[in-house]
Amino acid sequence: AVVSTQSTESSGINAEYGVGNNDLPGFYEIPKSGWYLSLLALYEPLVTRDPRVTLSPDFRETFLAGGYYSARYDTTTTIIALNTNLFSLNVPEQVLTAAHAAAQLAWFEDTLTAAAEGDRIIIIGHSPPSLNLYKLYKDHIVKENWHGVYLGVFDEVCARHQDRIVGTFWGHEHQDTFSLGTGYTTYTVPSVSPVYHSQPAYVVAQVNTRQELVDLHTYHTWLEYYSVAGQPPRYFQYQSLRQIMGTRDIEYCSLATVTKAVLDDSRGLDVYQGLTDRAYQNNRAMQLSPQMFYCFASNLRASEFVDCAEHFGYNRTTFRILADT
């Protein structure tokens, strides 16, 4: 996730990083501390290359314990980077894994509580606390990305601190999308990797003078063109999420408020159409029907999604649920 008070591409924009599933030694294999030490050698220089970032006093301790950390950006913002591998449904529930996940969640709330008075909070991670969009559109499998117990705790913690959370930003799905949580909105951003046949892309999050998230600006390139031309790729700005939603009140309304309002007044289908028209997403992972996308965006739990789909006339037996709750 990158954060700026400007809507234009700039080398002065800060970038933060979270540990993902491809950082693990094997397929969702939770590593020992020695592995995190190797990752630390890569992550610490990346996180600190912006002089406006100050690492938390426990940065090394938490990173070596479980690959998560916090940092202070400028004088107004606390950044919390979670290691969502510890919450993943792909990781079998074991005593040691559960202990690490519980420790991270306890640290998460402690860090939110201890953030300086007046600080705004940005939460980042790899796998979002939402349903797996790829599985949903490809196979009609309704899979929760996280174990239900961790999603429940995360929801509760975010609800208690929602007035201070600027936004939550995630990857893993390799595309732009969003879902509504309890007191927060998950914004999933595209990938600079061309897997799943998409163009390399990234997102700049724009905040207003009150440190509220007001827009997301996607930049993408055309990899095939520049590869054939033998030129370094250039990135172009696509429509921002607020432009797609048809709202302009940048200084007066947070993007989370706009997102929820759009879905609440049944205009979620318009948002869906704007997202499917994103030409840089060649594989069109948004090939869900408008009704299914509405259910995806407004429900984090698999059972709630199926109830929503049934309301729109879908037969619930056409879906296969992968969840532990």
It is to be established whether one or more residues within the range 126-134 are assigned to a helix (DSSP H, G or I) and either basic (Lys, Arg) or within 19 Å of Leu300 (Cβ to Cβ) (or both).
yes
Hey, among Asn22, Asn83, which residue is under 21 Å from Val192 (Cβ atoms) and open to solvent by less than 30 Å² (accessible area, probe 1.4 Å)?
Asn83
Which numbered condition in (1) more than 25 Å from Asp74 (Cβ to Cβ); (2) modelled with pLDDT of 85 or more; (3) among the hydroxyl-bearing types (Ser, Thr, Tyr) is the only one that Tyr184 fails?
(1)
Flagged in the range 304-322 as open to solvent by less than 60 Å² (accessible area, probe 1.4 Å) and assigned to a helix (DSSP H, G or I), in numbering order, are Phe305, Val306, Cys308, Ala309
Please name all residue pairs, on different chains or six or more residues apart, with Cβ atoms under 6 Å, provided the first residue is in the range 299-325 and is within 20 Å of Thr177 (Cβ to Cβ) and the second residue is aromatic (Phe, Trp, Tyr).
Asn299/Phe305; Val306/Phe319
Over the range 178-198, the set of residues open to solvent by 10 Å² or more (accessible area, probe 1.4 Å), out of contact with any helix residue (DSSP H, G or I) (no Cβ under 6 Å at 6 or more places or on another chain) and of a type in the set (S, T, N, Q) is Ser191, Ser193, Ser198
Matching residues in the range 22-53 - criterion: being part of a helix (DSSP H, G or I) and in contact with a strand residue (DSSP E or B) (Cβ under 7 Å, 6 or more places away or on another chain)
Val47, Thr48
Pull up the range 60-80, narrow it to residues that are among the hydroxyl-bearing types (Ser, Thr, Tyr) and in contact (Cβ under 8 Å) with a residue 60 or more places away in the chain, then point me to the one that is surrounded by the fewest Cβ atoms within 10 Å (Cβ to Cβ).
Thr76
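Results for (1) in contact with a helix residue (DSSP H, G or I) (Cβ under 6 Å, 6 or more places away or on another chain); (2) modelled with pLDDT of 95 or more; (3) open to solvent by less than 30 Å² (accessible area, probe 1.4 Å), shown as yes or no for each residue.
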| position | (1), (2), (3) |
| --- | --- |
| Tyr17 | yes, no, no |
| Gly26 | no, no, yes |
| Ser33 | yes, no, no |
| Arg52 | no, no, no |
| Asp58 | no, yes, no |
Among the residues of the range 94-130, which ones are open to solvent by 40 Å² or more (accessible area, probe 1.4 Å) and more than 21 Å from Gly167 (Cβ to Cβ)?
Gln94, Val95, Leu96, Ala99, His100, Ala102, Ala103, Ala106
Taking Tyr202, is it modelled with pLDDT of 80 or more, within 30 Å of Gly118 (Cβ to Cβ) and open to solvent by 40 Å² or more (accessible area, probe 1.4 Å)?
yes
Can you find even one residue in the range 136-157 that is over 19 Å from Gly66 (Cβ atoms), open to solvent by less than 30 Å² (accessible area, probe 1.4 Å), modelled with pLDDT of 90 or more and assigned to a loop (DSSP other than H, G, I, E, B)?
no
Of (1) closer than 23 Å to Pro92 by Cα; (2) modelled with pLDDT under 95; (3) open to solvent by less than 40 Å² (accessible area, probe 1.4 Å), Trp170 satisfies every one except (2)
Would you please name the residue that is modelled with the lowest pLDDT, looking only at residues in the range 205-251 that are crowded, with 17+ Cβ neighbours inside 10 Å and among the acidic types (Asp, Glu)?
Glu212
When you check Arg278 against the structure, is it within 25 Å of His220 (Cβ to Cβ), charged (D, E, K, R), crowded, with 17+ Cβ neighbours inside 10 Å and modelled with pLDDT under 80, yes or no?
yes
Can you name the residue in the range 65-103 that is aliphatic (A, V, I, L, M) and farther than 22 Å from Cys158 by Cα and is also nearest to the chain's Cα centre (by Cα) among such residues?
Val91
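The values are calculated or read from the model by the stated rules, or taken from the named source; none is laboratory data. Model, not experiment: these values are computed from the prediction. We place every Cβ from the backbone using ideal geometry, glycine too, and count neighbours over all the protein chains shown. For accessibility, only protein heavy atoms count, side chains too; no ligands or nucleic acids. Shrake-Rupley method; radii C 1.70, N 1.55, O 1.52, S 1.80 Å.
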